[in-house]
Amino acid sequence: MARDKQKRSCGQVLAEWRAFVWDPRSRQVLGRTATSWGLILLFYLLFYGFLAGLFALTMWVLLQTVDPHVPKYQDRLATPGMMIRPRTETLDVAFNVSAAETWQHYVRLLHDFLEPYNDSVQAARNAACRPGRYHEQPDEAVPNVPKRACRFARSALGPCAGLGPPGTAFGYAAGRPCVLLKVNRVINYFPGENKSINVVCAAKREEDAARLGEMAMFPPNGTIDLMYFPYYGKRVHVNYTQPVVAVQFLNATANEDHHVECRLNAAGLRADDERDKFAGRVAFRLRINRD
Amino acid sequence: IQLLEVTQHVETHKHIKSDDHKLSTEELEEKYGTSISKGLSSARAAEILARDGPNSLTPPKATPEIVKFLKQMVGGFSILLWIGAAFSWISFGIQFAQGAESPFDNLYLGVVLALVVILTGIFAYYQEAKSTNIMASFSKMIPQQALVIRDAEKKELPADQLVVGDIVEIKGGDRIPADIRLIFTQGCKVDNSSLTGESEPQSRSCDFTHENPLETRNIAFYSTTCVEGTATGIVINTGDRTIIGRIASLASGVGNGKTPIAIEIEHFVYLVAGVAISIGVLFFIISVSMRYKILDSIIFLIGIIVANVPEGLLATVTVSLSLTAKRMAKKNCLVKNLEAVETLGSTSIICSDKTGTLTQNRMTVAHLWFDDQIYSADTSEDQTTQPFDQSSQTWTALSKIVTLCNRAEFRPGQENLPVMKRVVVGDASETALLKFAEVVLGDVMDIRARNKKVAEIPFNSTNKFQLSIHETDDRNDKRFLLVMKGAPERILERCSTIMINGKEEPLDSEKAEAFQTAYMELGGMGERVLGFCHLYLPENEFPDTYPFDTDSMNFPTSNLCFVGLLSMIDPPRSTVPDAVSKCRSAGIKVIMVTGDHPITAKAIAKSVGIISATSETVEDMAKRLNVPVERVDRRQATAAVVNGMELKDMSLQQLDEVLCNHSEIVFARTSPQQKLIIVEGCQRQGAVVAVTGDGVNDSPALKKADIGIAMGIAGSDAAKNAADMVLLDDNFASIVTGVEEGRLIFDNLKKTIAYTLTKNIAELCPFLIYIIASIPMPIGTITILFIDLGTDIIPSVALAYEKAESDIMNRRPRNKSKDRLVNEQLAVYSYLHIGIMQSVGAFVTYFTVYAEQGFLPTTLLGVRVNWESNAINDFEDSYGQEWTKYQRTYLQWTGYTAFFVSITIQQVADLIIRKTRRNSIFQQGLFRNKVIWVGIFSQIGIALILTYGLGHVTALNFTPLRFQYWFVAVPFAILIWVYDEVRKLFIRRYPGSWWDKNMYY
């Protein structure tokens, strides 16, 4: 079974390549004549044109079948997640009290976040709802009528509302930072089975509680009013204002990491998913440095 | 002549310095410390055995197992996967050092990739070991025994226990257990064909007849056979030091190149690896310039490599080949080397032996001449009657001579066997006559018993006749019957009358002329002709009590009555002419290479169709045109019969010319060494050459050939060792069935590869679009491995069971340099047509799943960075809802599963379209290949198990999928099938068109 490979000189190889690129005898470019190239390009143009058209068509059909107001399935969102503000690239709130540039951006983020919560905006757009119960707005005759949103008073966040003098906003300058907590929006979600719900925060490990120190919740007790539920989706519930809870760390030990966990306390809500660390709860790191 | 060549052959490599043949018995006894009467003592024999080692040929040095194993670990795509694994570990290391949250994903991925390489390597190694074992067991099947005198006693010993100086006894039918200097012989003949290719048995005696140890008569060689007689001898060489051993070791010196399929697979691996690396590098550059992190870019690179490499394919190819090997073994082709399966399919020249391969390897009566007329006899393998006219009185007389003037006998205890299968003690011609008589007349032994033999002169080379005198079974006739057979001209000389229609007539010149014509005609057919005559001795001169004396010949041996001629030939196997014509239509040139006489060779070649009825040799043309041979245009002759002597004087160019110009070639009177020259000549023409062989001396040619075929029955161990394939029934027709299987597997491997390559695009596109459009990852690396090594394996093996689309034996052998296993059309059609369609179908499912969960297609574009951020746990969907990271990841896995399921569904369509390359599926039949359906069900079954059974094991990234998503890709599967039917329709409608050239793979 012995067969030696034919050895070709470098020149031959080069000549072969040149003949492949342009063969004057058979008038072929890269192994094909002009007609052949024309046909093949035309073929692929038609073929891929057809496939692209087909894809576009199926996408269009898909969009036609999808309800624009409520997604078909919501099984993945049975337990809403929770998040903090300010949100940075990591779930950290770490700054140096004496160096304003280390916390300035937190303050700015919080201001930006709370912009729509200003009383002027709320009064103009949203309705005053009856607190303590779900604010249901069933469709009567016409489906998907626009829904009204309930007012959220920014001032309810107390010192964490950021309404004080600019230098003292959110307590960062004083080393008593505020962190806002919010519950993820989920369409047609009714938390707490008609009982009031609230957010509680604590050190992740109990033994660290002392070093984390006292915390103040705003609105008091970290309560979220039921009137902000349900959410009807961004199309009909345009001005929906997501309820927020603030936590202020009053005297956390400086120069060390604190792992804080806040959870939503609501009947029928399980916040202990092993895999999803953010279902019904949120964990973040807090570090206050002092010189 | 042939022995001389062996000598030259051997002596050029290793000098044989032996003078054992010149020594006297006493000197030998002294030299080897033995005694002819008592033999060696057991203790002494054990000593020598310890010194010299066992008397067996050392098998060719095998590659160490560990090297074989490691080769499997780094061969083919393994390197690419190792690179992938290395990258995974590197990125794990970097991420781990950076303290990222989930670095272990990459660690696992690397481990999985390494596992894939190791497991497929182990599998390939196991497959190879299995086929090697078949051969190993095959060669150990028959342990040889030898009759030895030791401690003054005769003992049966295994032949490998023999040592130099042992006294061994051999008898007819035995294989010579070592090189033996004969010291006592009685009518001993040996068949040296395995050594020299000479088919005539040669007599052996105790006399020193030639200086050369290979030519002298008093040495018998290891592995040759004793045909008849008995002999006693002293063992002078054992094991590798025997002549055979030295020649066998020569064979290992002939190089062993790559098989065509190995070259094809290498070509294919290069192609796919080239695509993988270039796309990988291209997108690495793109992703870096799109400001992805280097680490991310490396992870993309791994994904692209994994998507591009068909991990399961090489294992599939091995399995397909071994399935075919099994199928071939059932048809009597035992393949030693898996890749030889396909080599046989691409064979363009078969150099075949004559004796035993093309012929039945037994002399058979082919023609009779009596009453001035030639009759043909039946020469098929299982004759039970003879159809020629048996009414003439001459036939009665002739049959009597045939029956009585014959010393051959059936071995007892075979009465129930068909005549043709019975074992006979006697030489080839006598055996032929005995069987012929038994078939025509019935119980020959009984006839002989009734016609008692009173005197006999056996055949010898000076007389060239055999004679015996019998009483007759006619009670009223007290005369003795003298019967004689022998060389026709010698018999005729002794006759004065000739029997015509039962009457004795004087033998005049006209009758003698008729005899000559018949004799020439039968001889011209390559047959061995015998003449028969008889004489009823007058009762008055030779009464009951007459003392016949064979030495003084006191009875008449001339003026006899000539009765007839019988001619014998080793007839072709009945399946061979058909097989040869199959080869012809399959574009395979059959060359006969034989040690026989050119006339016999040509006659057999003509009768099996190697030389077709209409074609002529140069000599034939010269005869027809009545001009000297030199003046004939050699190019006009399609056939050629080349004598070994001519071949010897030919230059390479002349040989090339012969091989090139003649389509029908017979090499006669050739030695096994010349076989090597012929094989090399054919290979110079660019042919893929299959060579058959049985002798030890064939082994260099067997090694040199692209595929060496050894004979399973007649073949020597050395030939079997050197060969790639063993023909269990020694039948040429089995080679042709093998060729058919080989061609089929080539076609089917094309289909398998096309099937496997297609989904690589559907696995690759997600990565490319993920990088470019920054959508959530549509399919995971692990998921890809589950397709490549899970759902796709059984279907791709199932394609090996596909029947041929058309008569594959009606097209020319594939051109090695043009008809590639994986050609441009195959790659383009799989990658750019079906592959792209599959990707579209899979993406539609992917977008459907996301849309129905809240992420409309437009929302998905450009989300990659935020989507994958661990810190963002309020990612907004198209409806204003917010998602945590895990909720998104779970959705992403559902996307993987949906993508996986879509590919699987479309691969079912791909599998169905790959059943044919040209014919419509309806022509081929959807249900003819049942294994395909096993493949389809397994594919869907595995997918169901992965999605619903293992959907909760997070590491595998599968999630239970809503049932309706299984059907999203079905329209695309149907589209694929319709598109392929249209493609095939146009190919059939417009052969040779632009479409045919670009779309047929």
Q) Counting only residues that are touching a residue at least 12 places away in the same chain (Cβ under 8 Å) and either over 18 Å from B:V227 (Cβ atoms) or surrounded by fewer than 19 Cβ atoms within 10 Å (Cβ to Cβ) (or both), how many does the stretch B:430-458 have? A) 19
Q | Count - residues of the stretch A:203-218 that are surrounded by fewer than 21 Cβ atoms within 10 Å (Cβ to Cβ) and either of a type in the set (S, T, N, Q) or touching a residue at least 60 places away in the same chain (Cβ under 8 Å) (or both) | A | 1
Q.
I'd like to check something: does the stretch A:20-27 contain any residue that is within 30 Å of B:D874 (Cβ to Cβ) and either within 13 Å of another protein chain (Cβ to nearest Cβ) or out of contact with any His (no Cβ under 7 Å at 6 or more places or on another chain) (or both)?
A. no
Q: Could you check A:G31 against (1) under 30 Å from A:V183 (Cβ atoms); (2) touching a helix residue (DSSP H, G or I) at 6+ places or on another chain (Cβ under 9 Å); (3) among the small types (G, A, S) and say which number it fails?
A: (1)
(Q) Can you tell me which residue is surrounded by the most Cβ atoms within 10 Å (Cβ to Cβ) among those in the stretch B:629-672 that are charged (D, E, K, R) and part of a loop (DSSP other than H, G, I, E, B)? (A) B:R669
Q: Examine the stretch B:927-942 for a residue that is under 43 Å from the mean Cα position of the chain (by Cα), surrounded by fewer than 23 Cβ atoms within 10 Å (Cβ to Cβ), free of Cβ contacts under 8 Å to residues at least 24 places away in the same chain and part of a loop (DSSP other than H, G, I, E, B), and state whether such a residue exists.
A: yes
Q: Could you list, in sequence order, all residues of the stretch B:584-604 that are part of a helix (DSSP H, G or I) and surrounded by fewer than 24 Cβ atoms within 10 Å (Cβ to Cβ)?
A: B:R584, B:S585, B:P598, B:I599, B:T600, B:A603
Q. Which of (1) touching a Leu at 6+ places or on another chain (Cβ under 8 Å); (2) within 12 Å of B:I735 (Cα to Cα) is the odd one out, the single condition B:L344 does not satisfy?
A. (1)
Q) Hey, A:L181 hits all of (1) out of contact with any Leu (no Cβ under 7 Å at 6 or more places or on another chain); (2) surrounded by 15 or more Cβ atoms within 10 Å (Cβ to Cβ); (3) among the hydrophobic types (A, V, I, L, M, F, W, C); (4) assigned to a loop (DSSP other than H, G, I, E, B) but one; which does it fall short on? A) (4)
**Q.** Matching residues in the stretch B:384-402 - criterion: being over 14 Å from B:G564 (Cα atoms) and surrounded by 14 or more Cβ atoms within 10 Å (Cβ to Cβ)
**A.** B:Q386, B:F388
**Q.** Members of the stretch B:163-194 found to be out of contact with any Gly (no Cβ under 7 Å at 6 or more places or on another chain) and on the phi > 0 side of the Ramachandran plot, listed by number
**A.** B:G173
**Q.** Residue ranges of helices (runs of 4 or more DSSP H) in the stretch B:384-497 with at least 1 members over 28 Å from B:F515 (Cβ atoms)
**A.** B:444-450
Q.
Among (1) crowded, with 24+ Cβ neighbours inside 10 Å; (2) within 9 Å of chain A (Cβ to nearest Cβ); (3) in contact (Cβ under 8 Å) with a residue 24 or more places away in the chain, there is one condition B:T884 misses while meeting the rest; what is its number?
A. (3)
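Okay, residues lined up against (1) at pLDDT below 85; (2) polar (S, T, N, Q); (3) out of contact with any helix residue (DSSP H, G or I) (no Cβ under 7 Å at 6 or more places or on another chain):
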residue: B:S131; (1), (2), (3): yes, yes, no
residue: B:D174; (1), (2), (3): yes, no, yes
residue: B:D179; (1), (2), (3): no, no, no
residue: B:S193; (1), (2), (3): yes, yes, yes
residue: B:S199; (1), (2), (3): yes, yes, no
Q) When you go through A:Y48, A:Y117, A:Y44 one by one, which is the residue that is at negative phi and more than 10 Å from chain B (Cβ to nearest Cβ)? A) A:Y117
Q) Filtering the stretch B:673-726 down to residues that are within 13 Å of chain A (Cβ to nearest Cβ) and in a strand (DSSP E or B), which residue is farthest from B:S223 (Cα to Cα)? A) B:V689
Q: Could you tell me which numbered condition A:P116 fails, if it satisfies all but one of (1) over 30 Å from B:Q964 (Cα atoms); (2) touching a strand residue (DSSP E or B) at 6+ places or on another chain (Cβ under 9 Å)?
A: (2)
Q | Segments classed as helices (runs of 4 or more DSSP H), wholly inside the stretch B:812-877, with at least 3 members that are within 9 Å of chain A (Cβ to nearest Cβ) | A | B:835-853
**Q.** Residue tally, condition assigned to a strand (DSSP E or B), surrounded by 17 or more Cβ atoms within 10 Å (Cβ to Cβ) and not hydroxyl-bearing (S, T, Y), over the stretch B:356-373
**A.** 6
Q. Can you name every residue in the stretch B:494-547 that is at pLDDT below 90, loosely packed, with under 13 Cβ neighbours inside 10 Å and within 28 Å of B:P572 (Cβ to Cβ)?
A. B:G524
Q. Of the residues in the stretch A:71-86, how many are surrounded by 18 or more Cβ atoms within 10 Å (Cβ to Cβ) and either small (G, A, S) or at the interface with chain B (Cβ under 7 Å from one of its Cβ atoms) (or both)?
A. 5
Q: Give the residues of the stretch B:859-881 that are more than 22 Å from A:D273 (Cβ to Cβ), of a type outside the set (A, V, I, L, M, F, W, C) and crowded, with 19+ Cβ neighbours inside 10 Å, sorted by residue number.
A: B:S878, B:Y879, B:G880
Q: Output yes when any residue across the stretch A:90-98 is within 25 Å of the chain's Cα centre (by Cα) and more than 14 Å from chain B (Cβ to nearest Cβ), and no when none is.
A: yes
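The values are calculated or read from the model by the stated rules, or taken from the named source; none is laboratory data. Bear in mind that the values here come from a model prediction, so they are computed numbers and not experimental data. All Cβ positions, glycine included, derive from the backbone under ideal geometry; neighbour counts span all protein chains shown.
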